[in-house]
Amino acid sequence: MTHGQRAGPIQPQDWERARFRWLNALTADPDLSDRAFRVGVILAFTFANAGTARCDPSNAQVAEVLGRSADTVKRAVAELVAGGWITRKPGRHTGAPSKYAFVLRASVVPFPSAKRGQICTERGANLHPKRGANLHPSTPRGGQICTERGADLHLPII
């Protein structure tokens, strides 16, 4: 997952508001195939209960709506799971439908320094002390964000 980290499954009480944010984020993923995108949209807007987010169609049901085979749906679901967009809990026995949960991914967006236009992407980046840059104390694991001294930084969740 190169564009973000998992923020966790969307809670049922938040699904009605969050599903459009989820769709917007899904739309912006350049690594997602058209097939996986269409299956994601079908799961979220055809099969997921708008109030509870309960989503448990069989691959055959999704395939019928999609107009493709169940194997195509299976590959698309695997891509959505691998991309961190959904979680899948298999049914209890062969042929039982899986249960799906939708996941919003959190992305850390680096902001350039006002002084040098520099984005620090590696832990331990060395900044020239005379430039007045200051590292935010709660930098994400695996990278640092360079901010201007005294800047009030709020990381957006995308």
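Bear in mind that the values in this text are calculations on the coordinates, not laboratory data. Every value quoted in this text rests on a predicted model; they were computed, and no experiment measured them. So basically every Cβ, Gly included, is an ideal-geometry build from the backbone, and we count neighbours across all protein chains shown.
Over segment 5-106, what is the mean sequence separation of C-alpha contacts under 8 Å (at least six apart), divided by residue count, expressed as relative contact order in percent?
Relative contact order comes out at 38 percent.
Work out how much length residue 87 to residue 58 would gain on full extension: take 0.36 nm times their residue separation and subtract the Cα-Cα distance, in nm to one decimal.
Result: 9.0 nm gained on full extension.
For a quick check: sort 75, 88 by the number of other beta carbons within 10 angstrom, fewest at the front. Walk me through the numbers on the way to the answer.
Values: 75 16, 88 13.
Least to most surrounded, the residues fall as 88, 75.
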